[in-house]
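Comments concern the structure below.
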Amino acid sequence: MKKYLTRMGDGQRVEMTADEMMKDFELGTQDAARRGKIDPLTQEDLNYLLEIFTDTNKIVSVEPGNEVVLTHDIGTLRLMGDQCNSGVGIPLSRIQGIGVHERAFAADTFELGHIDYSFKPVKPIISMEQQEMETAQLSAIIPLFYGAMPNLGLYYRPDGPFGNPSDLMPLGKIQEAREAQEEAVEHAIRDMIYISEKMFLAGADGINFDTTGAAGDTDMKATLHAVEHLKKHTDLSVEVGMAGEFVLGIHGALEYDGVRLAGLYPHQQVKLVEKAGADIFGPVVNTNTGKSMAWNLARAVTFIKACVEAANIPIHVNVGMGVGGIPVFETPCIDSVTRASKAMVEVAKVDGL
Amino acid sequence: MSREELFEKAAQSIVDANKDAAVEIAKKAIEEGIDPVDMINNGFSEGMSRCGELFDTGEMFLPELIVASDAMVAAINVLEQAMPVDSRTEKLGVAVIGTIEGDVHDIGKGIVATMLRVYGFEVHDLGRDVPIKAFVEKAKEVNADIVGSSALMTTTQVGQKALEEALKQAGLRDKVKTMVGGAVVTQRWADKIGSDLYAENATEAVMKLKELFG
Amino acid sequence: MGVGDPFGMPVAHGMAAGMGGIRTAGDLVARMQMTRKMRIKEAKAYVAEKLKVSPADLSNEHVMREIREELDLGIITAVPGCAKGIEAKARIAELLGIEINSVKRLKDKIAF
């Protein structure tokens, strides 16, 4: 039987038959359906995925007219940063980096971000960030977000003033760990609002809360409250992007609008993000490096399709290294990236990437 | 109450993280003459397995998992009184675990450490930003069976390779199993640096180590 | 989208599925999503109506280049005299009937 080139979740090239791929699509979609308690992909969806995977061209694309809007995380770090942000180390200023994205990469939107890319360290240098945003707004035509991670981890010892849940919980100090997290939430909300409001005054079009939930349900709670405040008190557009496919319960009992945050999957996350008032939601589905890309992408598309169907706001799925069905590999394999693009747009029906 | 009913109640007491109920069921099992080892394997351990599955699917969370593990320990303490000394449960292995120097991301590593404790390993968690030397010294000090390292970034991932070398130089490499994890780490990387184990997530880490040491 | 080197991630996604930024009407459609929470079809329909083209034309370089030049909305290549930066955004705000934060601030500052 004819074999097609495809990839594993770690990027290794493998050959699979159409039957083998279909089997992995089925297993992947069933895994998502079981975990998220959502519908698996239809046979029609699976057949279309197979068409995408058995296209022998290296690159695939959506049909003309199906294009979607792209929003970008990590700002210009991918140009001048180091490998941690997939940066290629070109010595450019951030303003130049924005110009490169607008005029060389034809980005639909872009964002300004700080080298640490977390809200907390921006507070003491907010004037510099405002100045940079003001200058960028003079020369940019595309909408510019200010982007940063809520990163509640920075509020715990040794980086912050509060006890670290990772240290406290193994000692059985669950109540103390929870109290430390609750205190961190309050401080993070204040910092995120302060920074966002200052960026609004500097002309930012929006704020991108990137990798929300990276430190668990505390991250999500702080973000939702900050978003709620910003949408009530400013005209900022707000994008909330996630860190993982379900909200980790590091606290476990935190709620927003009466809903427990821990354990929420994308189709449930989006309802709270909408409730907080955000304009765009960026769900994440993690890639399993030991499974094939067929398994991973079918699984990711299943979660995202359910999220798109549940949403009333635009969904910009996260499709970067190790998420959205794309392999975990520092030099993304173009065949995989473009297949994930096409599947997310034409099967999951996302509004953007 | 039948054996099967007691097993089920024991498992459920762990899933419910109900320490009092777990202890009561353990006492009841002794009264009814049920083999304590059977009670642990078919009842309480089954409950922990279910907790692992629920954690993996986001239906149970870290604090609950820790309380469930406390309930399990309390029940086992009761059952052990009715067991001959030589058949009492022992720790599955001694693990030294930490995040590689230069990397302050320790949430995932913390979950792995907690899960290992929950499932009966003795865990020495060195925390985040841990120098290679500290892994080696601790492994020597506690006579470790497992040395686990986590790296979120490709820039710190290389420290896992250095750890393999340092363990070899200290003459410990043949005595311990090494395990690597973290967002950017893959089976391919584990194979490349000669690590014994790679796990995609905390649940898989526990499953693989239980298979090796259980 | 997420992390990945420039060629491997933003360029690859842009080629496979992106609207095309200011080469076409990507920024305009994005602004409707950002300011009015419009889903992709609705946002495209809104912008298409304002530009009097079909939604499919919004990602057609041949159509959009001309429109952007005619309306002076800013174009991808460097042409002397064409609107740049905030000047282009002032026209975009007017065309789409939306408020653009930086444009509003500039107008407020220079209003006598």
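The values are calculated or read from the model by the stated rules, or taken from the named source; none is laboratory data. Small disclaimer: the values here were computed from a predicted structure and weren't measured. Note: ideal-geometry Cβ built from the backbone for every residue, glycine included; neighbour counts use all protein chains shown. Ligands, DNA and RNA are stripped out before the accessible areas are found, and what is left, the full protein with its side chains, is counted by its heavy atoms. Shrake-Rupley method; radii C 1.70, N 1.55, O 1.52, S 1.80 Å.
Quick look at the values:
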read-out: Unmet criterion (only one of (1) within 7 Å of another protein chain (Cβ to nearest Cβ); (2) in contact with a strand residue (DSSP E or B) (Cβ under 6 Å, 6 or more places away or on another chain); (3) among the polar types (S, T, N, Q)) for residue A:83; value: (2)
read-out: Lone qualifier among C:93, C:83, C:78 - being surrounded by fewer than 17 Cβ atoms within 10 Å (Cβ to Cβ) and within 12 Å of another protein chain (Cβ to nearest Cβ); value: C:78
read-out: The stretch B:197-214 - residue that is of a type in the set (D, E, K, R) and crowded, with 17+ Cβ neighbours inside 10 Å and, of those, farthest from the other protein chains (Cβ to nearest Cβ); value: B:210
read-out: Residues satisfying the stated conditions in the stretch A:1-38, i.e. away from every other protein chain (no Cβ under 14 Å), surrounded by fewer than 17 Cβ atoms within 10 Å (Cβ to Cβ) and closer than 19 Å to residue A:304 by Cβ; value: A:27
read-out: Residues satisfying the stated conditions in the stretch A:59-80, i.e. at the interface with chain C (Cβ under 7 Å from one of its Cβ atoms) and at positive phi; value: A:65, A:74
read-out: Every residue from the stretch A:330-342 that is more than 7 Å from every other protein chain (Cβ to nearest Cβ) and under 17 Å from the mean Cα position of the chain (by Cα); value: A:340
read-out: Residues located in the stretch A:307-335, provided they are over 18 Å from residue C:4 (Cβ atoms), outside any strand (DSSP E or B) and open to solvent by less than 20 Å² (accessible area, probe 1.4 Å); value: A:307, A:308, A:311, A:313, A:314
read-out: Residue within the stretch A:169-191 that is surrounded by fewer than 24 Cβ atoms within 10 Å (Cβ to Cβ), touching a helix residue (DSSP H, G or I) at 6+ places or on another chain (Cβ under 8 Å) and outside any helix (DSSP H, G or I) present; value: yes
read-out: Selection status of residue A:321, facing chain C (nearest Cβ under 7 Å) and among the hydrophobic types (A, V, I, L, M, F, W, C); value: yes
read-out: Every residue from the stretch A:251-271 that is away from chain B (no Cβ under 13 Å) and surrounded by 24 or more Cβ atoms within 10 Å (Cβ to Cβ); value: A:270
read-out: Helices (runs of 4 or more DSSP H) (entirely within the stretch A:35-108) containing at least 2 residues that are β-branched (Val, Ile, Thr) and touching a residue at least 12 places away in the same chain (Cβ under 8 Å); value: A:43-54, A:94-103
read-out: Conditions (1) open to solvent by less than 50 Å² (accessible area, probe 1.4 Å); (2) over 22 Å from residue C:31 (Cα atoms); (3) facing chain C (nearest Cβ under 8 Å): number failed by residue A:88; value: (1)
read-out: Hits in the stretch A:273-306 (condition: assigned to a helix (DSSP H, G or I) and open to solvent by 10 Å² or more (accessible area, probe 1.4 Å)); value: A:274, A:275, A:295, A:299, A:305, A:306
read-out: Selected residue (only one of A:129, A:228 is surrounded by fewer than 20 Cβ atoms within 10 Å (Cβ to Cβ), more than 21 Å from residue A:84 (Cα to Cα) and out of contact with any Pro (no Cβ under 6 Å at 6 or more places or on another chain)); value: A:228
read-out: Filtered residue count, the stretch A:127-179, keeping only those that are in contact with a strand residue (DSSP E or B) (Cβ under 7 Å, 6 or more places away or on another chain), within 14 Å of chain B (Cβ to nearest Cβ) and of a type in the set (S, T, N, Q); value: 2
read-out: Candidate set from the stretch C:1-30 (those that are assigned to a helix (DSSP H, G or I) and open to solvent by 10 Å² or more (accessible area, probe 1.4 Å)); member that is farthest from the other protein chains (Cβ to nearest Cβ); value: C:7
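Condition check ((1) open to solvent by less than 20 Å² (accessible area, probe 1.4 Å); (2) closer than 30 Å to residue B:135 by Cα; (3) touching a residue at least 24 places away in the same chain (Cβ under 8 Å)) across all residues:
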{"position": "B:23", "(1), (2), (3)": "no, no, yes"}
{"position": "B:30", "(1), (2), (3)": "no, no, yes"}
{"position": "B:44", "(1), (2), (3)": "yes, no, yes"}
{"position": "B:47", "(1), (2), (3)": "yes, no, yes"}
{"position": "B:56", "(1), (2), (3)": "no, yes, yes"}
{"position": "B:80", "(1), (2), (3)": "no, no, yes"}
{"position": "B:121", "(1), (2), (3)": "yes, yes, yes"}
